[in-house]
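Okay, structure first, notes after.
The values are calculated or read from the model by the stated rules, or taken from the named source; none is laboratory data. Every value quoted in this text rests on a predicted model; they were computed, and no experiment measured them. Positions of Cβ are generated from backbone atoms using ideal geometry, with glycine treated the same way; all protein chains shown enter the neighbour counts. When the accessible area is computed, the model is the full protein with side chains, heavy atoms only, and any ligands, DNA or RNA have been set aside. Shrake-Rupley method; radii C 1.70, N 1.55, O 1.52, S 1.80 Å.
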Amino acid sequence: MENKTMIYEEKELKPVSGWAVLIFTLLLYIAALGAVIYGAILLDVNDSSALGGVLLAIGLIWLCFGWIPFMGLKIMRPNEALVLTLFGKYIGTLKKEGFFFVNPFSTAVAPKNSVVSEINPIVGATPAQVQQMARKLSLKTMTHDNGNQKINDLSGNPIIVGIMVTWRVVNTAKAVFNVENFRTFLSIQADSTLRDVARLYPYDSTDSDEKTLRGSSTEVAEKLKELLQERVEVAGLEIIEARITHLAYAQEIAAAMLQRQQATAIIEARQKIVDGAVGMVEMALQKLSESNVCELDEERKAQMVSNLLVVLCGNKDAQPIVNSGSIY
């Protein structure tokens, strides 16, 4: 038999104003107290007074159980949400800011394994108040950093990579009911996504057209965001940004990679020097030919080209030698 997991969608509650319920409940308390007093007076005057007995009974019942509506009063701050269930069934999410009244028998549900100690301590807050705050979901934009981890890039080189994820909860029902703990779920998916994306690109490349982790940060960030968003959709999370914050070769190959980068830079610099020197030699021969300053045979042209290339491509300044005799 196939086991299908139910995917919950968010339903936003439209609660009643808490002020109206609070004032109405207090008025009923005053009325109940008056009914008890008046019923007791009637019974004292006439022991068989039916009205006095009824008033006394109603007043005492309300004084004993009239506190129940107070359980449904909720204070909501901006960017907070309260996921409510009634006898185990999801009835909706309270997301508006203000003072509201909901079903007093409804229960606020928090993600499993949530840590109350993550809440900033409040001076004078009771354990019940702290627990109530722990059941509220924050809809604020948050950041997640899993630290640095060792990954192999496309070329198989071990590199140290860190990722920073900016995210927020957009579907409270999915965040609470579809996954065990959406923070842990995001952390694991961020690690997995970073490994999958890092294996698609080399750390660096001599090909200017090839996308790399170091040179194509925008493309890599978009790939990370797109893939991570697909994986955390089931948890009701929105990925605002996913970007690499740390990128370096692993310690065991860092020295070798540095030497390779230095060698590559030297080769590229030499190529530019040679290209420029060849262009200057061609220009010199062309100018001499056009100006008819002197006529050189092929052997002398080859010697001149050799001398110019030595001067232009050498690491040190050339020491000129003056020939006072004939060049032949």
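One table, with the values for the structure above:
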read-out: By accessible area with a 1.4 Å probe, ligands and nucleic acids excluded, highest first: order of 304, 283; value: 283, 304
read-out: Cα gyration tensor of region 176-258 - equivalent ellipsoid semi-axes, whole Å, descending; value: 30, 15, 8
read-out: Neighbourhood charge, 13 Å Cβ-Cβ cut-off, centred on residue 248 and excluding it, Lys, Arg +1 and Asp, Glu -1; value: -1
read-out: Pairwise FRET efficiency - residue 73 versus residue 180, Cβ, R0 = 45 Å, nearest 0.05; value: 0.90
read-out: Cα-based reach from residue 223 at 13 Å (exclusive), listing aspartates and glutamates while leaving out same-chain residues under 8 positions away; value: 196, 241
read-out: Chymotrypsin sites (Phe, Trp or Tyr not before Pro) restricted to region 1-93 and DSSP loop, no more than 10 other C-beta within 10 Å; value: 87
read-out: Potential extension, residue 274-residue 218 segment - 0.36 nm per residue separation minus Cα distance; value: 16.7 nm
read-out: Calculated FRET value between residue 143 and residue 58, using beta carbons and R₀ = 56 Å, to 0.05; value: 0.50
